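Below is one structure, written out as structure tokens; comments come after it.
The values are calculated or read from the model by the stated rules, or taken from the named source; none is laboratory data. Note that this is a predicted model, so its numbers are computed, not measured. All Cβ positions, glycine included, derive from the backbone under ideal geometry; neighbour counts span all protein chains shown.
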Amino acid sequence: MPTHLEVLVVGAGIAGLAAATELHHRGMSVDVIERSSHPRATGAGLFLTGNSVRALNALGLRDHLATSGAPLPSQRLQSHRGRVLADISTADLWRGTADCVGTTRAALHAALHDIVPVPVRHGVTLQSLKESGDGVDVEFIDGKTGRYNVVVGADGIRSSLREYVDPAAATRYLGQVCWRFLTDDASGIDRWTVWLGRGTAFAAYPVGRGQACCYADVSAASPQDPTDGTAQLSPFFSGFDPRVQDLLATPAARAAYASPVEEVSCGTWTSGHVMLVGDAAHASSPNMGQGVAMAVEDAQVLADTLTAEGHIPDLLQQYVQRRLPRTRWVQRQTRQRDRTRSLPPAVRNFVLRHGAQRLYERATAPLRELP
Ligand SMILES: Cc1cc2nc3c(=O)[nH]c(=O)nc-3n(C[C@H](O)[C@H](O)[C@H](O)COP(=O)(O)OP(=O)(O)OC[C@H]3O[C@@H](n4cnc5c(N)ncnc54)[C@H](O)[C@@H]3O)c2cc1C
């Protein structure tokens, strides 16, 4: 095993920036390439659960999270008309980890770009990749070349490195299409709140600076946008609480973009000296807000694993063995949450009124442990 590892990180999203930071801190030489031509500042909000905040704090974002974003002390589950079904205390749920925070994607990306200790080469992708001996030779789209001990695929749910690592892996449509947007009118939204209808859900939570992030989804047989790009969501949410109707009538809602809710199941996350982190390996439904936690924990476990002595492909297998059970747990819990949500509304509301606290406790308990 080489004493000084050269690592290429493909993708400067949350997983890639976290991995580059962790690996550099452990003394490795890290190059980062990112397909988009500039740091991405788009997208809506992120619900950062206790284990996300713990992982981001360890990465060096403690001050950032303490001063930006909004504390999320509870999660309120409601019927579509606004009848409270359960108030889950997030402080109890995540005891021993960290307090939950709502933030914008733009703020988190900017903070990660601020701390990443290596330059990101924007507008660059891989042209080719070939493993030989104890490394990987790569050609970049800009004509440059490089040789690395490890190539980390942090290239998101549509990962092209996944095709190299596990050609049989595929994204799976989970039966919902979703929209999200930021609004400047966060009045009355002082916690993570969801209104649950029949095959429809609308959630909102504060993200700081007077803004709230709104998220809407509808069950749909096909992953195509059922509004044909118009984001005319009101007909799906008629009869909902007037506050939902207000939010859906804002210009921001009408500019919301649709995407199918999908997950990724890979048979393996590693092939030789090439491996996957974050959504590329294990994207899941956002209904538990675990995407950031899993991505940043991947980065920390990868850095731990590569710091040990051993043959690199074996070390990467150890990384997978350490991460697989936890990410599979999250995917199973998100599917369970969808099944509960899809019960007939009267049954679902009964279940949540009487058992939400227990269901949330059970889903969260293993995630309070360190990864
Ligand atoms: C609707 C929705 C809501 C969500 N809400 C939450 C939430 O509230 N809380 C939470 O924790 N998680 C949430 N998630 C999940 C979270 O967004 C993801 O888990 C997280 O962004 C994964 O980060 P990543 O770095 O793996 O992927 P990405 O953020 O997708 O980053 C991948 C990066 O790789 C780049 N890239 C792609 N291909 C290439 C290439 N060939 N070469 C170079 N660069 C490339 C992309 O441009 C991008 O910058 C949500 C997801 C969705 C879809």
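Taking the options Ala280, Ala258, Ala295, name whichever one is touching a residue at least 40 places away in the same chain (Cβ under 8 Å) and not in a helix (DSSP H, G or I). Before you say what the answer is, go through the steps one by one.
Values: Ala280 fails: not in a helix (DSSP H, G or I); Ala295 fails: not in a helix (DSSP H, G or I).
Ala258 is the lone residue from the list that is touching a residue at least 40 places away in the same chain (Cβ under 8 Å) and not in a helix (DSSP H, G or I).
For region 127-173, residues that are outside any strand (DSSP E or B), surrounded by 13 or more Cβ atoms within 10 Å (Cβ to Cβ) and touching a residue at least 60 places away in the same chain (Cβ under 8 Å) total 13. The set of residues in region 153-165 being hydrophobic (A, V, I, L, M, F, W, C) and either more than 18 Å from Lys130 (Cβ to Cβ) or more than 11 Å from the ligand (Cβ to nearest atom) (or both) consists of Ala154, Ile157, Val165.
Inside region 1-34, can you point out the residues that are surrounded by fewer than 18 Cβ atoms within 10 Å (Cβ to Cβ), closer than 15 Å to Val151 by Cβ and either modelled with pLDDT of 95 or more or of a type in the set (Gly, Ala, Ser) (or both)? Glu6, Ser29, listed by residue number.
Looking only at residues of region 305-324 that are in contact (Cβ under 8 Å) with a residue 60 or more places away in the chain and surrounded by fewer than 16 Cβ atoms within 10 Å (Cβ to Cβ), we find that the one that is nearest to Pro371 (Cα to Cα) is Thr307. Of all residues in region 212-245, those being in contact with an Asp or Glu (Cβ under 9 Å, 6 or more places away or on another chain) and at pLDDT below 95 number 1. Checked against (1) in contact with a Phe, Trp or Tyr (Cβ under 6 Å, 6 or more places away or on another chain); (2) under 12 Å from Ala15 (Cβ atoms); (3) surrounded by fewer than 24 Cβ atoms within 10 Å (Cβ to Cβ), Gln300 passes all but condition (1). Of the set (1) of a type in the set (A, V, I, L, M); (2) more than 14 Å from the ligand (Cβ to nearest atom); (3) in contact (Cβ under 8 Å) with a residue 40 or more places away in the chain, all apply to Ala216 but (2). Considering region 31-51, the residues that are polar (S, T, N, Q) and either over 18 Å from the mean Cα position of the chain (by Cα) or within 18 Å of Leu126 (Cα to Cα) (or both) include one that is farthest from the ligand (Cβ to nearest atom), namely Ser37.
For beta carbons closer than 7 Å, sequence separation of 6+ or different chains, a first residue in region 360-371 that is touching a residue at least 40 places away in the same chain (Cβ under 8 Å) and a second that is outside any helix (DSSP H, G or I) and loosely packed, with under 14 Cβ neighbours inside 10 Å, the qualifying pairs are Arg368/Gly96.
Applying the selection to region 304-347, what residues are in a helix (DSSP H, G or I), aliphatic (A, V, I, L, M) and within 30 Å of Leu196 (Cα to Cα)? Even if it seems obvious, please write down each step before you answer.
Taking region 304-347 first, the residues in a helix (DSSP H, G or I) are 304-307, 312-341, 345-347.
Imposing the further condition that a residue be aliphatic (A, V, I, L, M) reduces the set to 306, 312, 315-316, 320, 324, 330, 346-347.
Those that are in a helix (DSSP H, G or I), aliphatic (A, V, I, L, M) and within 30 Å of Leu196 (Cα to Cα): Val330, Ala346, Val347.
Which count do you get for residues in region 89-106 that are in a loop (DSSP other than H, G, I, E, B) and buried (at least 19 other Cβ atoms within 10 Å of the Cβ)? Give the steps one after another, and end with the answer.
Of the residues in region 89-106, the ones in a loop (DSSP other than H, G, I, E, B) are 94-100.
Right, trim to buried (at least 19 other Cβ atoms within 10 Å of the Cβ) and you get 94, 97-98, 100.
Final tally of qualifying residues: 4.
Residues of region 174-186 that are of a type in the set (A, V, I, L, M) and either free of Cβ contacts under 8 Å to residues at least 40 places away in the same chain or on the phi > 0 side of the Ramachandran plot (or both): Ala186 alone. Considering (1) more than 16 Å from the ligand (Cβ to nearest atom); (2) in a loop (DSSP other than H, G, I, E, B); (3) of a type outside the set (Phe, Trp, Tyr), the lone condition that Ala86 does not fulfil carries the number (2).
Please return the ranges of helices (runs of 4 or more DSSP H) entirely within region 1-79 where 3 or more residues are touching a strand residue (DSSP E or B) at 6+ places or on another chain (Cβ under 7 Å), in contact (Cβ under 8 Å) with a residue 24 or more places away in the chain and under 21 Å from Ser159 (Cα atoms).
On the way: elements: 14-25, 50-56, 62-67.
Those helices (runs of 4 or more DSSP H) span 14-25.
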